[in-house]
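Before any comments, here is the structure.
The values are calculated or read from the model by the stated rules, or taken from the named source; none is laboratory data. All values reported here derive from a predicted model rather than from experimental measurement. With ideal geometry, Cβ positions are generated from the backbone for all residues, glycine too; neighbour counts draw on all protein chains shown. The area values use the complete protein model at the heavy-atom level, side chains included, leaving out ligands, DNA and RNA. Shrake-Rupley method; radii C 1.70, N 1.55, O 1.52, S 1.80 Å.
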Amino acid sequence: MTAYVIRRLWQMIPTLAGVILLIFFLFNWVGGDPAQVLAGKISNPEQIANIRKQLGVDQPYWYQLWVFVQQVFTFDFGRSWSTNEEVSRILLTRVGPTLTIMVPVLLLETTLAVLFAIMVAYVRGSLTDRAIMVICTTAMSISFLVYIIVGQWLFGFILGWFPVQGWSESYWRNLTNYAPLPIMLAIFVGLAPQLRLFRSFFLEEINQDYVRTARAKGLPEKKVMLKHVLRNALIPILTNVGIHLPGVFVGSFLLEVFFSIPGLGREIVTAVNRSDFPVIKAVTVYLAMLTMIVNLLVDVTYKLVDPRVSFK
Amino acid sequence: MPRPAALLAACLACAVLAAGPAAGAVERKVLRVALRTAEAGFDPQRIFDRYSVGIVENIFEPLLTYDYLARPVRLVPLTAEAIPEPEEGGTRYTFRIRPGILFADDPAFKGRKRELVARDIEYSVKRFRDPRYASPYEWLFEHKIAGLDEVADAAKKTGRFDYDAKVAGLEVRDRYTISFKLLEPDFNFLYVLAMPNVVPVAREVIEAYGDDTMAHPVGTGPFVLKDWVRRSKIVLERNPNHRGYELDPRWADPADEWDRRAIDELAGRRLPLLDRVEIFPIEEEQPRFLAWINHEHDYLDETPAEFIEQVLPNGRLAPALARQHVAVFREEQPEVTYDVFNLEDPVVGGYGPERVALRRALVLAHDRDQEISILRKGQAIPAQSAVPPGVVGYDAGFRASQQDHDPARAKALLDLFGYLDRDGDGWRESPEGKPLALDYKYNAGSQSNRQLAELWVKSAAAVGVRLSASAVQFVDLLNDKRVGKFQMAGSAWIADYPDAQNFLQLFYGPNTGQSNEARFRLAQFDALYRRSLAVPDGAERNALYREMNRLILAYAPWRLGVHRVFNHLLYPWVKGYKKHPILYTNFKYLDLDVAARQAAVK
Amino acid sequence: MSSVVSNYSLPAPQESPGLWTLAWRRLLGDRVGLVCLAIVATYLAMMMASWAGLVARDWNKEKGVSYANPAFLAGAENLEAREVTNRDFASKAKPVDLSDIDPLAPRYKEWEERAAKIAVTEVKRSETLPFGGDKWGRDVLEKAVKGSEVSIFVGLTAALFATMIGTVLGAMAGYWGGKVNDFLEWFYNIFTSIPYILLILAFAAVFKRGLDTIIVILALTGWTGIYRLVRAEYIKHCGREYVKAAQAIGASHLSRMFVHILPNASHVILVQLSQHVVSFIKAEVILSFLGLGVPVDMVSWGTMLAEAQNELVIGKWWQLFAAGASMAILVTAFSMLTDSLRDALDPKLK
């Protein structure tokens, strides 16, 4: 087990190097010259040159790459080009609000999807099953943007159930006041594809031999579903949640933009619009690292959930 | 999950209470407003966007400022004892600072009270030229102050700005007296010293915070920055060290309803009255608008044009808002929107008659009526010259028919100069018979810029000119405009100080590569501009300005757009409000009827 | 996944249509699938017709007043369309005379004469349009039809490119194995270790704007899933006898990869392709919201939604609805068709 973990960690190095190269290629090579953002309303070429020097974008590429690698490992990406705030501080302060929205979304969505999926799988092939599948497919086809615009207008403004937007310093007030509407909308959008996916996991298990054996043993269908099918379907479900986990940190930038939630997603969109490269670079590298670690954790959890999985 | 509106209201009320120091204390006055765009920071010498500067207005104090009520705007002393007379033919200005003005407390002062002195002014002006800060307003003091360019040049070589170097033009005569000596006469210099970012900072503070000065503004102003969650929340609180202001009603217009009300509500009281201001940057229009409608904010600054028919149907306040006694403050801003032609471009540039004709025809083809009625919902005045109303040197009698939408004259002009459709594909060719395809660059991130581009494409097509629009990243747009890598592009300029010169410098040849985006170089114009600098405000200068504006119309380096009109919506519990054309905020003059707000929100 | 047994005995690719005939028969038996196929075909026909200029040709014409009411709401008040009255501004002064400095002054007279001869016809704008008008007074229904052209084009092209990248790389990795596989796996790991939406945003931050950019971004970020599946198929098929047989008769590597194996993996690719079309059509909306792409003289569902974001509040819901609904119908039909296709091609997967 330890040997396996060490080997996996070792294998991450080339991938991480690749991620760093990709990001470097995108932002230091393809990306434009950012000096202009900082120069202001009236600027002369001398000033622009001065700014380029301060940002280090006038250095040779190998040197810039070296600086970037150093930044990654010292966790010091310097300062945002547009606000001069330390990038590490941006990341730390923006993660909270994003997680306040996305953790409940992930939990609720997964729980609801599992519940519904098992119910639908139970009545598989029936009219209910098919109707729910059609509803899901339709719900998935409506653009998230439409959900947000209509949801904010309908629930926040016309019905007045929630505040239209906002955020406070109090965690509980955020959770009880500002978060419910965005969370609800995110679940609206996310539930349908999860439900469809989990249903297929359950159906796959139901067709397995051990289920037939269990039924043949005379176990009631409910028990078969809850005890055997659910337990075994948990593996692909867990993988799926694992895959979604790193994405949670980017949150849904659309939600954050429309509901004025000071999260990472909104920060990235602003950074994209203002060519604030240090912020995007830092977020991308660290989320890539996180993804790799989460993938490892998921694989390790397999072992714990399902002893049949061997560590090759 | 859904909760009734009552609970929301209760929560809002709680927020108001929670903001107080302790239960049972006197009701604190907390103003809540939205900001249209994300702020950059609060180091006065390092910022330039209007919204950040607007916040800084409350934290720092320049030597001079504008009277709250006087229109046209009027300079008044703030930390200076008086407005100085120009000496030595407009090249020397001497200020005496009022003794006893204190900075807000800050750990950098190590527990001592810190008085504002002349050295602080000297230090802050020098900061504009420090290459380390790459100040966006460096140009204000370039080739301006005697001896300052030399110190700045030395700093560029060594990389360190020598703040202890003696600068002849920044003469500190005693603890409270500073005298500016200029290289050339400048009769607008006092306006520069009234700009909200030309303000004294304390050297100890700047040195203590190093790179973090954006987050640690320490000034002598009526408010201090209490809390800042970037791009999400800015909290100002009253500065306990502040000496207080009083409203000066002398320049008010007795016929003006806003002036009367402000005097009623504020006269004789010690300002500021607000305890706390909470500012929320919200860039999307729907949430910003709905949040105000739902009473989450106390006033709505610059109502988005798209919602104007919701609040002002047919120009009258909507009944639902009228019932709540909402007030509308209509403001013509001293700004101009425009599209620049690149005069160095081989197709749209040049000064020969057929090149001028192409630009003039495009200007005539552009459907400005639609721009105003559809895109700006009537909330704009068509610009007649590059100078907007409300600034010194604006000529209300100047009317330019060359900028009106007139497709017939546009077509006639194109025909006349040989821009004809020779191959019958529906599009005109250049007089030399080459295909004519123009390009308009716009900011990809903005929906409204996209619609302006759409209008250009339509307008040109209507007279048979093929024009495409390309979306570029904001940064690239700025860069392309500066280096002249474009044919046509949109822009806007808002007054830094209320003088026509601030707008006409946009056409001055030597400013090419800086603010002269059109790269317009016309000897006649440049000569007029130089002459105007040496003349104080008056009929002679106005005549020069008029000549310059005529040249702009004749050569059309710009398509003049509009002067936007903004509608600010206030709930009745906001007191003392009047919007100033140059200053962005007015927190220090506002009062809040907290009881009325609570009653209404319930 | 278990292999498709019917393939096993097929000695040569020429006979693989057998799979397709079977699949087609299964699809014909699936009523939902057929309906969806019909809907998708209608959309494609509509797209072609609009491309050929048969329908929605003058979508760009401003036929109605600003935000013209839909025909079924003819009586409703439309404040947005009222004439703006403050257009004749303060100054009634005589226009300034430029004749002494104007480079065009020598030809003023000619100019006036010509201008007088050019008649400008004022178009009559109608108060209502079949399904309402947009800000400029264009018919939103026509816009939605025209918008299908760009949206479907972007979805299809990007999906084709993504599938091509995924297939070629997947084929190489699966067929060659070894170093090539290691290298491509490394490449795959890089792309998948960055959350998808972040990857799109990172690409968006540095690329120039344009329709091609959207396609490139979607293709460059979307190939990974296809790569994985194709690779698995190739690994599976490489050891099969028909491949060995092909080798024996001297088929080259390329020929084995793309002539022999590819048809046997094509059902997987087809399903992936159609899944990606759906997700890319949806992604176009998000990219358009960020202002990335579709030029101003074109229209897509994404630009319509971005444009309509403030229209709900002012009570003009029709553009939001027209774009949202046209997209939802197509995407629903397309996804359900994809399901049917998968069932038809690979019944064991059901």
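For the range B:392-417 versus the range B:509-537, the inter-centroid distance based on Cα atoms is 22 Å. Out of every Cα pair in the range A:131-173, what percent are spaced more than 11 Å from each other? Result for the distance tail: 71 percent. Our analysis of the protein assembly as shown gives Rg over Rh at 0.99, with the two radii drawn from alpha carbon positions and Rh computed by the Kirkwood formula.
Shown here: the range A:51-178, whose C-alpha atoms stretch 67, 36, 25 Å along the first, second and third principal axes, sorted largest to smallest. For the range B:358-459, what is the relative contact order in percent, using Cα pairs closer than 8 Å and at least 6 residues apart in sequence? Contact order relative to length: 30 percent.
Relative to the longest principal axis of the Cα atoms of chain A, the long axis of helix A:180-206 makes an angle of roughly 50 degrees. In the range B:169-251, the portion of solvent-accessible area held by carbon and sulfur atoms comes to 47 percent [1.4 Å probe, whole percent, DNA, RNA and ligands not counted]. Within the same chain, aspartates and glutamates fewer than 8 places from B:Lys29 are excluded, and of the rest, those with a Cα less than 17 Å from its Cα are B:Asp227, B:Glu237, B:Glu265, B:Asp275, B:Glu278, B:Glu296, B:Asp298, B:Asp591, B:Asp593. The value of relative contact order for chain A, using C-alpha pairs under 8 Å at least six residues apart, is 25 percent.
How tilted is helix B:539-555 with respect to the longest principal axis of chain B? Cα atoms for both, answer in degrees (0 to 90, nearest 10). Roughly 50 degrees between the two axes. Note that the range B:147-232 presents 41 Å² accessible area per residue, ligands and nucleic acids not counted, probe 1.4 Å.
Remark: the range B:439-494 carries 29 Å² of accessible area per residue (probe radius 1.4 Å; ligands, DNA and RNA excluded).
Given in Å, the Rg to one decimal and the Dmax to the nearest whole number for the Cα atoms of the range C:107-168 are 22.8, 68.
Proximity of backbone amide H atoms, modeled 1.01 Å from N, is registered between B:Thr65 and B:Val76, B:Leu78 at under 5 Å, excluding neighbours fewer than 5 places apart on the same chain.
Of all alpha-carbon pairs in the range A:177-294, indicate the percentage at a distance above 18 angstrom. Of all Cα-Cα pairs in the range A:177-294, 65 percent lie more than 18 Å apart. Applying D = kT/(6 pi eta Rh) to the range B:495-602, where Rh is the Kirkwood radius over alpha-carbon pairs, T corresponds to 10 °C and eta to 1.306 mPa s, the Stokes-Einstein value obtained is 92 µm²/s. Between the beta carbons of C:Ile235 and A:Lys53, assuming R0 = 30 Å, the FRET efficiency works out to 0.05 to the nearest 0.05. Rounded to the nearest Hz, the phi-derived 3J(HN,Hα) couplings of the range B:415-431 under the Karplus curve 6.51 cos²θ - 1.76 cosθ + 1.60 (θ = phi - 60°) are 4, 4, 9, x, 7, 10, 8, 7, 9, x, 8, x, 10, 6, 10, 6, x, where x marks glycine and proline. Between C:Thr21 and A:Leu21, the C-beta separation translates, for a Förster distance of 30 Å, into a calculated FRET efficiency of about 0.05. With a 1.4 Å probe on protein heavy atoms only, tell me which residues of the range A:227-257 lose at least 50 Å² of accessible surface in the complex relative to the chain by itself. Correct list: A:Phe253. Residues of chain C were split at every exposed loop site, defined as GluC sites (Glu not before Pro) in a DSSP loop with at most 12 other C-beta atoms within 10 angstrom, and the longest piece left, sites excluded, is C:123-350. Once C binds B, the 1.4 Å probe can no longer reach about 5500 Å² of accessible area, counting both sides.
Surface composition of chain C: carbon and sulfur make up 65 percent of the accessible area, probe 1.4 Å.
Here the Karplus curve 6.51 cos²θ - 1.76 cosθ + 1.60, taken at θ = phi - 60°, turns the phi angles of the range B:219-235 into couplings of x, 9, x, x, 10, 10, 7, 8, 8, 8, 9, 3, 6, 9, 7, 10, 10 Hz, with x standing for Gly and Pro.
Distance between the C-alpha centres of the range A:103-132 and the range A:175-231: 6 Å, rounded to the whole angstrom.
With the simple spin-label model, which puts each label point 7 Å out from Cα in the Cβ direction, the B:Arg112 to C:Lys117 separation comes to 8.5 nm. The calculated 222 nm mean residue ellipticity attributable to helices in chain A amounts to -22500 deg cm²/dmol, summing -39500 (n - 2.57) over DSSP H runs of n ≥ 4 and dividing by all residues. Only sites in a loop by DSSP and with at most 16 other Cβ atoms within 10 Å count here; which trypsin sites (Lys or Arg not before Pro) in the range B:216-272 make the cut? Hits after loop and neighbour filter: B:Arg243, B:Arg269, B:Arg270.
A crude spin-label estimate for the pair C:Val168 and B:Lys226, with each label 7 Å from Cα along the Cβ direction, gives 6.2 nm. Applying a DSSP loop filter and a limit of 13 other Cβ atoms within 10 Å to the trypsin sites (Lys or Arg not before Pro) in the range A:170-251 leaves A:Lys217. Close amide H contacts of B:Ala380 (hydrogens built in the peptide plane, cut-off under 5 Å, sequence separation of 5 or more or a different chain): B:Val565.
Per the Debye formula on identical point scatterers at the alpha carbon atoms of the range B:79-202, with no solvent, log10 I(q)/I(0) at q = 0.16, 0.20 Å⁻¹ is -0.80, -1.21. Available extension along the chain between B:Glu204 and B:Arg243 is 11.9 nm, counting 0.36 nm per residue and deducting the alpha carbon span. The dipole here belongs to chain C: it is taken about the Cα centre, uses +1 on the Cβ of Lys and Arg and -1 on the Cβ of Asp and Glu, and is about 900 debye. Here chain A has an Rg and Dmax of 23.9, 85 Å, counting Cα atoms alone. For chain A, the longest principal axis of the C-alpha atoms and the axis of helix A:230-250 are separated by about 20°. The residue list B:Gly159, B:Leu414, B:Leu116 was ranked by how far each Cα lies along the charge dipole of chain B toward its positive end, using unit charges on Cβ atoms, and B:Leu116 comes out on top. Ordered from longest to shortest, the equivalent ellipsoid semi-axes for chain B are 42, 33, 22 Å, each the square root of 5 times a Cα gyration tensor eigenvalue. Approximating the spin labels as points 7 Å out from Cα along Cα→Cβ, the B:Asp162-to-C:Glu185 distance works out to 6.5 nm. Taking the Cα of B:Asp425, stepping 7 Å toward and past its beta carbon, and measuring to each backbone N in the range B:431-455: which are under 20 Å? Taking a point 7 Å out along Cα→Cβ of B:Asp425, the residues of the range B:431-455 whose backbone N falls under 20 Å are B:431-440.
Measuring how big the range C:238-350 is from its alpha-carbon positions, Rg and Dmax come out at 21.6, 72 Å. Accessible surface buried at the A:C interface totals approximately 3500 Å², computed with a 1.4 Å probe on protein heavy atoms. Taking 26 Å as the straight-line reach from the Cα of C:Lys146, the lysines in range (excluding those fewer than 8 positions away in the same chain) are B:Lys441, B:Lys458, C:Lys61, C:Lys63, C:Lys124, C:Lys135, C:Lys208, C:Lys282, C:Lys316. Where only DSSP H runs of four or more residues are counted, chain B gives -8500 deg cm²/dmol as its mean residue ellipticity at 222 nm, each run worth -39500 (n - 2.57). For B:Met488, the solvent-accessible surface with a 1.4 Å probe is about 0 Å², rounded to the nearest 10.
Take every pair of alpha-carbon atoms less than 8 Å apart whose residues are at least six positions apart; their mean separation over the length of the range B:41-189 yields a relative contact order of 23 percent.
Listed values for the range C:59-71 are Karplus-derived 3J(HN,Hα) couplings in whole Hz (6.51 cos²θ - 1.76 cosθ + 1.60, θ = phi - 60°), namely 4, 7, 6, 8, 8, x, 6, 4, 6, 3, 5, x, 4, and x replaces Gly and Pro. Taking the Cα centre of the range A:166-216 as reference, the dipole from Cβ charges on Lys and Arg (+1) and Asp and Glu (-1) amounts to some 160 debye.
Full extension of the chain between C:Val32 and C:Lys124 gives 28.5 nm of extra length, using 0.36 nm per residue less the Cα-Cα distance.
Applying a DSSP loop filter and a limit of 10 other Cβ atoms within 10 Å to the GluC sites (Glu not before Pro) in the range B:366-460 leaves B:Glu432. For the range B:186-226, the orientation-averaged shadow of the C-alpha convex hull comes to 3.8 nm² (one quarter of the hull surface).
The aspartates and glutamates within cross-link reach of B:Lys181, meaning a Cα-to-Cα straight distance under 16 Å and a gap of 8 or more places when in the same chain, are B:Glu85, B:Glu87, B:Glu88, B:Glu122, B:Glu142, B:Asp149, B:Glu150, B:Glu171.
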